[in-house]
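**Q** The structure is given below, and queries will be raised subsequently.
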Amino acid sequence: MQGQTDPAPSTRTGWLRTVLGQRSCKRVLDTACGDGGDSLALVQQGLEVVSCDSSDASLRKVMTLRWKKRTQRGFDTWVIAKASPSTLEHDLGQDGVVIGAGFDAVLCLNDAFATLREEDMRSAISNMAVLLKKGGVMVIDQLEGDTQETGQLANDTNKTVKPRSSSSRPLTLKAFEKLLKTSFVGGYTHTLYAQHRSAEQEGQPFKFYHVIDKI
């Protein structure tokens, strides 16, 4: 894992824009896109975006966003599909999404990763890596779990930092790194941020952001 000495911009949208811009990303897959806020910002930035989610309610919201912006440049090519992070490759294929040579960036944000079961976390990382171009970047946010870092998934009653959703399965940093090492397809470098700053500066953060470059 590489260290990161400079703090990222203070806002998440600005930080994400910087991460993708530094790598000249053009085609982005936003998994577990939720209400589409990140996808919307990326389309407005001029990127080619494929947004997916397993929730029909979320997809309806994203489709409504696209419809309202349909006359603006880039929104006519915004692709929205139904897919789960753990079965991405299969689901996107079933929905007719063209994978081509892969994506420049694959995202799993808004605490979506922490709602998956451990076996689905492994499958999600594997699927995201397969869909990523060589030289592309994967960005995942991770809720911090048990501060004792047992290497296991923290249970849902853990309140070491702040209350969480009952569906949340926060990980220790050590457990996430183990998942990444055993599940990522291909070589990678790993840069760690905490609340958009370097982990060294943040101490014990509530959330980590993992920037994983496929090599």
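**Q** Kindly report, to the nearest 10 Å², the accessible surface of residue 182 as traced by a 1.4 Å probe over protein heavy atoms only.
**A** Residue 182 has an accessible surface of roughly 90 Å² with all protein chains in place.
**Q** HN-Hα J couplings of the stretch 13-29 from phi, Karplus 6.51/-1.76/1.60, θ = phi - 60°, integer Hz, Gly and Pro as x?
**A** Going residue by residue, I get 4, x, 4, 5, 4, 5, 4, 6, x, 4, 9, 6, 5, 10, 10, 10, 9 Hz, with x marking Gly and Pro.
**Q** Amide H of residue 135 versus every other amide H placed in the peptide plane: which residues, excluding those fewer than 5 positions away on the same chain, fall under 5 Å?
**A** Distant-sequence amide H within range of residue 135: 214, 215.
**Q** Shape of the stretch 58-110 from its Cα gyration tensor (a ≥ b ≥ c, root eigenvalues): rounded if a/c is under 1.5, otherwise prolate when a/b > b/c, or oblate?
**A** On the way: a/c = 1.83, a/b = 1.52, b/c = 1.20.
Verdict is prolate for the stretch 58-110.
**Q** At 4 °C and a viscosity of 1.567 mPa s, what translational diffusion coefficient does Stokes-Einstein give for the stretch 18-114, taking Rh as the Kirkwood radius over Cα pairs? Give it in µm²/s as a whole number.
**A** Estimated diffusion coefficient is 97 µm²/s.
**Q** Let me ask something else about it. Could you work out the relative contact order of the stretch 85-128, using alpha carbon pairs under 8 angstrom and six or more residues apart, expressed as a whole percent?
**A** Values: 24 pairs, mean separation 32.8, N = 44.
For the stretch 85-128, the relative contact order is 75 percent.
**Q** While we're here: I'd like the Karplus ³J(HN,Hα) series for the stretch 89-106: coefficients 6.51, -1.76, 1.60, θ = phi - 60°, whole numbers in Hz, and an x wherever there's a Gly or Pro.
**A** 4, 5, 5, 5, x, 5, 8, x, 6, 7, 7, x, 7, x, 9, 6, 8, 10
**Q** How much length is gained on full extension from residue 181 to residue 119, taking 0.36 nm per residue of separation minus their Cα-Cα distance?
**A** Details: separation 62, 0.36 × 62 = 22.32 nm, distance 1.42 nm.
Additional length available on full extension: 20.9 nm.
**Q** Fully extended, how many nm does the chain gain between residue 215 and residue 133 (0.36 nm per residue separation, minus their Cα-Cα distance)? Can you show the working numbers first?
**A** Values: separation 82, 0.36 × 82 = 29.52 nm, distance 0.90 nm.
This chain segment gains 28.6 nm when fully extended.
**Q** Using protein chains only and a probe of 1.4 angstrom, how many square angstrom of residue 208 are accessible, to the nearest 10?
**A** Residue 208 exposes around 10 Å² with every protein chain in place.
**Q** Further question on the same structure: Between residue 71 and residue 99, what is the label-to-label distance in nm when each label sits 7 Å out along the Cα-to-Cβ direction?
**A** Placing both labels 7 Å beyond Cα along the Cβ direction yields 3.9 nm.
The values are calculated or read from the model by the stated rules, or taken from the named source; none is laboratory data. These figures come from a predicted structure and were not determined experimentally. Neighbour counts are summed over all protein chains in view; Cβ atoms, including those assigned to glycine, are modelled from backbone coordinates with ideal geometry. Accessible surface areas use protein heavy atoms only, side chains included; no ligands, DNA or RNA. Shrake-Rupley method; radii C 1.70, N 1.55, O 1.52, S 1.80 Å.
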